[in-house]
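Here the structure is laid out as structure tokens; the discussion comes afterwards.
Read the figures in this text as sums done on the coordinates, not as results from a lab. Since the structure is predicted, the reported quantities are computational estimates derived from the model, not experimental observations. With ideal geometry, Cβ positions are generated from the backbone for all residues, glycine too; neighbour counts draw on all protein chains shown.
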Amino acid sequence: MLALLYQINRWVGTGILFFVMVLGRGETLAQDAQASRPADAPPSAMEMLAAYDLVEPWVRSMHVPDDATGPEVVGACVTLRFDGRVVGIGTVFGAGKASLPESARLAIAQARERLPIVDDAMYAERLRLAASQITLSLEVAGRGVPVEAESYAQVSMGFDPGIDGVALRIGDYAGAVFPAEMLWTSQEAGGALSRLVSGMTGDATLAMKPLKELREGADVGVLRFRVQHLAQLKPGGHPEFLHRGGRIVPDDAVRTTEGLRTWMEGLASYLIAQRDVGVYLPVNDVVRSGPTPLQRGLRMYALQRFAALNPDSELAEGAREASGADANRILTAWDDGVPVGVPAIALLAGALDQGLVVDDESAVRERVRKALFEASYSIESVPDPERPMVLWGLASLGEFERAKAIVSVCRQTDSPGDLVGRMPWLGWAELRLVGDSELPSAVALREMRQTMWRFQLTPGDVGPEGGDLVGGIVFTRSRLPLPTWQASRPLAFTATMLGDPRLTGSRELPEQMTRLLGSLRFQRQLSADESNGWMYRSPERWRWGIRSAVWDQQMPIEASAMALLTVGETLSSLDRLTANQSVKAEAAGGE
């Protein structure tokens, strides 16, 4: 008999199961299984392939033999998906040789109940066919490392999202939440630990008490562990080793114009398809929220800008149509008395400048002009982040005198570094106002760019597990840097700066191009591809969408819009640089 006592996993929230309790002396969780390795090292690649080869036939036969055993491992998590949906998940922690068969047995039992097949005379054949279409995700845990934390917030701060799993030991029982589940549920370690407390004790009120209080006077331990992860990306596919639920995007993915154009067109396709979406959740294929006027405006402007830069592309017409639809939705809301906000009105101005076609365009232009003038006359009452958009909107409409009257207020900051938060709108507005003339703010804009690069993550900042974070920008040097999509706002103007000789001289080009492409690599890392698709549904909807972070699968529409603007500006700058080089070459040849 296996010395194993488990609680049948329960479906929670999105229909997921999250822990089992394992009987065994608690101290063994953090010691013998992998004593020859570093404290938190997971199984080797060869060991992981052997584990997968053991589990996969059980999944295809939908049966684990009663006498099945496996290698001595700390724990395992088997997740089964059918048609993109989770139909079974089995998690075992601290069970040694029982870990693989028991986790598979749990997942298969749940899948048998939840697969959409009829229980009749053909059940066995239908089950066999369904099993062949199941995708398998397998995580095997390394040794647990004790975590000393007095609060759930401290637990989250000490974990690397998507890399570390969290385990809870209460006496002789242990439960765990593995990294992949935290990835596709967008859950931090502290929240996962709180769930374990509630589930393992059967008392939800205990999870609401401070962790310090739970640990005082009780035999309770919190552990961190790392895993090796293999998953099928599609039914029948070979297993792939995954890092934080995906693959690390190589530098060369963004170092050719062909690669950038493919990405740009992918982003445009994603935005065109995402009508009436504010935040999209690809894991469940649901729209979490409809668009705010600002989100709709950013999608509108990004697609209109794409169409203006790529008028002959196959996607241009679709981009113009989608952009016009967003504009009319904003205008309709405005007509109905809905406060659409100054930023959305400024984005209308920018889209009109790019050739946006709307009903009664002259009337719309005049209405937008009046609204921006009104905002400019009370510019100091406009929130700081919105002021540059008023300036940019006026400049986009050609209202240069009115724009120049407020430029000093829009530019006011405590330091050049604060200009980062005003981008890209302030930078684009100032370029509009001076045309081809000298740029008075060039020094401040260069300093702003250098400030931003000081917070660009390097391999030394993120360590051996953080290769997917390299190039991201975070305005902190904390132990655990966490870059998100937000850096695409200043990056959009940095991309413009690259092609402007007033802001990037020939001697600066190599460094600036390397820096920009490094950050584009990180943004490309956020763009969903087939390596993330193992945890998503409806591939025709999520592909190329920008996630909030590498550990947060939510896709805010503004993240993809800003990425599209950034890639478009990068390609425009590269085209300008190429044209300038050609002119210089012709001039040299003429001499």
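Just grab the label-to-label distance for Glu216 and Phe400, each label 7 Å out from Cα along the Cβ direction, in nm (one decimal).
7.0
Taking +1 at the Cβ of each Lys and Arg and -1 at the Cβ of each Asp and Glu, which of Val86, Val550, Ser151 sits farthest along the dipole of the chain towards its positive end, judged by Cα position relative to the Cα centre?
Of Val86, Val550, Ser151, it is Ser151.
Given a Förster distance of 41 Å, report the FRET efficiency between Glu72 and Arg114 from their Cβ-Cβ distance, rounded to the nearest 0.05.
0.85
Measure off 7 Å from each Cα along the Cα-to-Cβ vector at Ala124 and Val357, then give the distance between these two points in nanometres to one decimal.
Each label point is offset 7 Å from its Cα along the Cβ direction, giving 6.4 nm.
Quick check: the angle from helix 99-114's long axis to the longest principal axis of the chain, C-alpha only, nearest 10 degrees?
70
So what's the Cα pair-distance distribution over the range 22-241, bin width 5 Å, in %?
Per 5 Å bin, starting at zero, the Cα-Cα P(r) for the range 22-241 comes out as 1, 7, 15, 19, 19, 15, 11, 7, 4, 1, 0, 0 percent.
Show me, for the range 241-248, the HN-Hα J-couplings you get by feeding each phi into the Karplus relation (A = 6.51, B = -1.76, C = 1.60, θ = phi - 60°), rounded to Hz, glycine and proline as x.
6, 10, 10, 6, x, x, 10, 7
So, R0 is 22 Å and r is the distance between the beta-carbons of Glu465 and Asp251; what FRET efficiency does that work out to, to 0.05?
E(calc), rounded to 0.05, equals 0.75.
By a straight-distance test (C-alpha under 21 Å), which lysines pair with Lys370 as possible cross-link partners, with residues fewer than eight away in the same chain excluded?
Partners found: Lys404.
For Thr79, Thr262, what's the fewest-to-most ordering of other Cβ within 10 Å of each Cβ?
By the 10 Å Cβ count, ascending: Thr262, Thr79.
If you rank Asp119, Asp312, Asp326 by fewest surrounding Cβ atoms within 10 Å, what's the result?
In order of increasing Cβ crowding within 10 Å: Asp312, Asp119, Asp326.
For the range 251-590, what class follows from the C-alpha gyration tensor (a ≥ b ≥ c being the square roots of its eigenvalues): rounded when a/c is under 1.5, otherwise prolate if a/b is larger than b/c, else oblate?
In terms of gyration-tensor shape, rounded.
Could you work out the relative contact order of the chain? I mean the mean sequence separation of Cα pairs under 8 Å and 6+ apart, divided by the number of residues, in percent.
Once divided by the residue count of the chain, the mean separation gives 13 percent.
Using a 10 Å cut-off on Cβ atoms, rank the peptides 197-207, 484-494 from the highest mean neighbour count down.
Top to bottom by mean Cβ count within 10 Å: 484-494, 197-207.
Counting pairs of alpha carbon atoms under 8 Å apart in space and at least six apart in sequence, what relative contact order in percent does the range 254-370 give?
Worked out over the range 254-370, it gives 23 percent.
Given 0.36 nm per residue, what is the gain on full extension from Ser408 to Glu380 after removing their alpha carbon distance, in nm?
Contour length minus Cα-Cα distance gives 9.0 nm.
Pick the calculated Cα extents along the principal axes in Å for this structure from [x] 84, 58, 52; [y] 66, 61, 55; [z] 84, 55, 52?
[x]
Express the relative contact order of the range 226-291 as a whole percentage, based on alpha carbon pairs under 8 Å and six or more residues apart in sequence.
15
Hey, which aspartates and glutamates would be in cross-link range of Lys234, C-alpha to C-alpha under 19 Å, not counting anything within fewer than 8 residues on its own chain?
Here the aspartates and glutamates satisfying the reach criterion relative to Lys234 are Asp53, Glu56, Asp83, Glu139, Glu181, Asp285, Asp529, Glu530, Glu540.
Working from Cα positions, state the angle (0 to 90°, nearest 10) between the long axis of helix 557-590 and the longest principal axis of the chain.
50
Can you tell me the 0 to 90 degree angle between the C-alpha axis of helix 400-411 and the longest principal axis of the chain, rounded to 10?
The two axes meet at around 40 degrees.
Determine the distance separating the Cα centre of the range 124-170 from the Cα centre of the range 175-201; give it in Å without decimals.
So the two Cα centres are separated by 8 Å.
Once you treat every alpha carbon in the range 133-208 as an equal point and sum by Debye, what is log10 I(q)/I(0) at q = 0.19, 0.22, 0.25, 0.26 Å⁻¹?
-0.82, -1.07, -1.31, -1.39
Of Leu54, Leu136, how do they rank once you tally other Cβ atoms within 10 Å and put the fewest first?
If I rank by nearby Cβ atoms, fewest first, I get Leu54, Leu136.
Be a star and scan the range 305-334 for residues whose amide nitrogen sits under 15 Å from the point 7 Å along the Cα-to-Cβ vector of Arg275.
Taking a point 7 Å out along Cα→Cβ of Arg275, the residues of the range 305-334 whose backbone N falls under 15 Å are 318-330.
When ranked by the protection proxy of mean other Cβ atoms within 10 Å per residue, highest first, what sequence do the peptides 82-91, 396-405, 99-108 form?
Averaged packing, sorted descending, gives the order 99-108, 82-91, 396-405.
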